[in-house]
């Protein structure tokens with residue numbers, strides 16, 4: 001943890017955790033790889049990963065986002081309460097959160113639900129047939145779905161209706177915003193270390209108990225039965241409303257803020273700080289629905305070690321630290337970028353170089369990965385400069401957190 005004075009000595013140094021942007025970049029990349037493989041399936045293109053590994057990678061990326069977000073936002077709230085001597089402005093917190101999330105979110109939803117809804121080619125390419133089938137189901141309920149998106153309930157929209165193929169990833173943004181709608185009030189009410197820990201532990205325990213109960217009941221139900229279908233539906237609702245990763249990140253933040261010496265004596269390790277990347281990859285690769293909590297606890301331990309690292313400024317690659325700043329855009333734009341890349345490759349396969357691409361599917365896969373990732377990064381960088389940064393610069397007007 002270190003400070004940033006923005007080159008103005010009169011401005012108090014601001015709280016900053018080195019390494020967190022790198023984790024954001026890794027999480028966004030994991031979700032990108034999952035959706036890359038997922039969207040290749042209906043088009044009968046060869047997959048790079050097994051379905052199980054791809055799903056594990058995508059879920060692990062979202063889990064890492066949640067634990068990191070829960071930790072950072074909770075620590076910032078607690079630090080602001082300290083700086084203001086208890087006079088924490090929840091209104092300013094919501095404004096700062098809206099300035100960070102809403103501009104890009106609203107922009108993407110509008111593009112997905114209006115130009116995106118009509119952007120359907122009449123060609124016979126597999127990617128176009130795939131988009132048409134998806135958009136046909138979506139067009140029947142698009143108004144109801146759009147209303148849910150605009151009131152920050154995209155996770156409910158994904159569960160209740162077919163949604164835009166370009167905006168379905170927004171469900172996790174909805175989970176975060178719903179959590180932060182409640183959590184600042186919970187912190188203010190709790191007021192002490194013990195109550196905050198109790199809130200987090202009780203919530204996580206209830207979620208884990210419900211998940212275990214559903215798994216056990218589902219195993220006892222006969223395949224193809226109506227009861228099994230109902231339980232699968234309930235499982236989807238629980239999965240897309242699950243805030244346990246955010247609560248776990250909050251728990252680690254409360255622990256560090258109030259009991260720093262305990263954190264240092266319990267989980268601090270130079271070995272963990274040096275091997276953070278292999279550990280994150282290991283937790284991602286071994287993640288499963290049954291042991292999800294353990295992998296999230298692993299992320300939390302790595303995050304704690306990053307937060308207390310006195311040499312963190314020089315430990316993490318500058319490129320990934322910079323790309324982590326645009327990870328929000330990467331997460332939001334990558335489905336459209338993948339579809340555009342698929343369309344381009346299949347158009348070349350059909351109309352320009354059919355023999356080359358059909359005989360060299362591995363080359364097609366390499367071109368797909370690099371082109372879709374390049375388009376994602378390009379859109380994210382443009383979006384950060386033109387859409388996000390102007391609003392981010394306004395956040396300082398509504399309070400900031402200093403390092404003490």
Distance between Cα centroids, region 268-303 to region 127-185: provide it in whole Å. 30
Taking Cα pairs under 8 Å and at least six residues apart, what relative contact order does region 264-348 come out at, in percent? 29
Determine, for each peptide in 262-269, 200-207, the mean count of other beta carbons within 10 angstrom over its residues, then list the peptides with the highest first. 200-207, 262-269
Neighbour-count ranking [beta-carbon atoms within 10 angstrom, fewest first] of 37, 289, 83, 63: 289, 83, 37, 63
Order by neighbour count: 255, 189, fewest other Cβ atoms within 10 Å first, most last. 189, 255
Taking neighbour counts of Cβ atoms within 10 Å as a proxy for exposure, in what order, fewest first, do 273, 188 appear? 188, 273
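Where a number appears in this text, it was derived from the coordinates with a stated rule and is not lab data. Everything numeric in this text was worked out from a predicted model, so none of it was measured. Note: ideal-geometry Cβ built from the backbone for every residue, glycine included; neighbour counts use all protein chains shown.
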